[in-house]
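As structure tokens, the structure follows; a few thoughts come after it.
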Amino acid sequence: MGHSHDLFAQAKRYIPGGVNSPVRSFQSVGGEPLFFKSGQGAYLVDEQDKRYIDYVGSWGPMIAGHAHPHIIEAVTHRIKHGLSFGAPTRLETQLAEKICQLMPAIEQIRMVNSGTEASMSAIRLARGFTKRNKILKFAGCYHGHADSLLVQAGSGALTLGIPSSAGVPARIAEDTLVAEFNQLATVKALFALHGEDIAAVIVEPIAGNMNCILPQPRFLAGLRELCNHYQSVLIFDEVMTGFRVALGGAQGYFDIKPDLTILGKIIGGGMPVGALGGRSDIMQCLAPEGPVYQAGTLSGNPIAMTAGLATLDLVTAPGFYKTLTHLTEQLMSGLKQLAKQAGIACHTVSIGGMFGLFFTEASTVATFEQVKQCNIPLFKQFFHGMLQEGVYFAPSAFEAGFVSAAHSEKEVAYTLQAASKVFSTISASITCSSQEIHCN
Ligand code: KE4
């Protein structure tokens, strides 16, 4: 018993689909998920001791790489003093203070245990603060699996073809309005119809759950202006982009000030953490100060706080994002060039340590519709070809990819060498099928 296949069969006996999160299932790319037993730096090791260069990074948290000594040492030390007290610790204040310093739009912050909890709580808080019920989200954006937000969602919901989940009562879903990312006119139209009832607009400032889509100029500023005009709360979901694209997150990068921010992933350094924060007049509505209830047994637990603090120690080092951004750009431009040389239409995008790879003739991909036009079967061939070469990309065409500080020119060079082989194989298969000749 050690082969991923056997482990997967056993997992399916006890766990629905054999996974504890659907996007890990490989259902959209075919084949079976790999079972990993360790991670070190830029690498993961599967149960057969095969190493993979990892561009998933646990879907974003592992920006310092796997098992970074500074984080391991901090957690190892802390764990000897106990795991959870369900009472305040100074560590929670330290992490809260650090985040407020790095993201000035966050005047106060509440720790929770996942991005889902954070977005669910932020929606409730915005509704309590404005005394309105409707929220506005964007098709293809994903904010976790709270009922109100599983309407035309991205990430695994989109990957598996269930963007609007079963089990969400219509009366809940009808309070969720859906606009199109990068298409401000669709937002204005909904505000014109429902403006006085819209409690909040929630947006991934960089859409990382329909692959990776950058905001077009004026899009985020337009959302800010509309929320000001209609007195709605602007919520930036920075679970993925927070401390990923820049030290101040996407809000710092694009210089737009949201009313509330949702965080997760990197602020936990791989431990379960989410957070919601923002204007103190809104945050003061949260219990025990105000009437909006929100709670969590393990919220702010000392081990997660320690891992988060140690991770932020690393990302605040001088030049951290400059180096990460350069390496990510190098990877993307290399892949684009190699695809072109092989006659394969490919568009790439990167910002900070996150990237998007699209198999499309389009010179830019700015909307959800354009993402859906991309060549998914070709992505599957690329994904499995690279996996064979020991390079692990996200098992979904609708996810962003991530580079860590542990990746170096060495990993990029190997990845590009592998991609050259894979693109050649794909190109040969396309030639064969187009000429309908027999190929071995
Ligand atoms: P969690 O509840 O999974 O911690 O966070 C939900 C969430 C909220 N907001 C954004 C922008 C997110 O990207 C996420 C979670 N991201 C997915 C992958 N893109 C998590 C992977 C999974 O579902 O297993």
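Nothing in this text is a laboratory measurement; each read-out follows from the coordinates by a stated rule. Bear in mind that the values here come from a model prediction, so they are computed numbers and not experimental data. Note that each Cβ is placed from the backbone with ideal geometry, even for glycine, and that neighbours are counted across all protein chains shown.
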| message | Tell me the relative contact order for the chain as a rounded percent, counting alpha carbon contacts under 8 Å between residues six or more apart. | response | 21 percent
| Going by a ≥ b ≥ c, the root eigenvalues of the Cα gyration tensor, does segment 301-367 fall in the rounded group (a/c under 1.5), the prolate group (a/b larger than b/c) or the oblate group? | prolate
| query | Could you give the distance between the Cα centres of segment 380-433 and segment 85-135, to the whole Å? | reply | 37 Å
| said: Quick check: Cα centre of segment 200-258 to Cα centre of segment 167-189, how many Å? | reply: 17 Å
| query | Just Asp49, Asp259, Asp313 to compare: in a GNM of the chain, with alpha carbon springs under 10 Å, which one fluctuates most? | reply | Asp49
| field | Restraint check, Lys134/Lys188; Lys98/Lys257; Lys137/Lys336; Lys265/Lys421; Lys98/Lys322; Lys188/Lys265, Cα-Cα greater than 23 Å | value | Lys137/Lys336; Lys265/Lys421; Lys188/Lys265
| query | Fewest first, what order do Cys432, Cys374 take by the number of other Cβ atoms within 10 Å? | reply | Cys432, Cys374
| said: Using a Gaussian network model on the chain with a 10 Å cutoff between Cα atoms, which of Phe181, Phe191, Phe355 fluctuates the most? | reply: Phe191
| field | Neighbour net charge for Gly115 - beta-carbon separation under 10 angstrom, K R +1, D E -1 | value | -2
| the chain: mean projected area of Cα convex hull, nm² | 22.0 nm²
| request: Between the alpha-carbon centers of segment 1-80 and segment 294-328, tell me the distance in whole angstrom. | output: 20 Å
| GNM top mover of Leu260, Leu184, Leu158 - the chain, alpha-carbon springs below 10 Å | Leu184
| query | Which ordering of Thr76, Thr348, Thr415 is given by a fewest-first count of other beta-carbon atoms within 10 Å? | reply | Thr76, Thr348, Thr415
| remark: A correct fewest-to-most ranking of Tyr52, Tyr414 by other Cβ atoms within 10 Å would be Tyr414, Tyr52
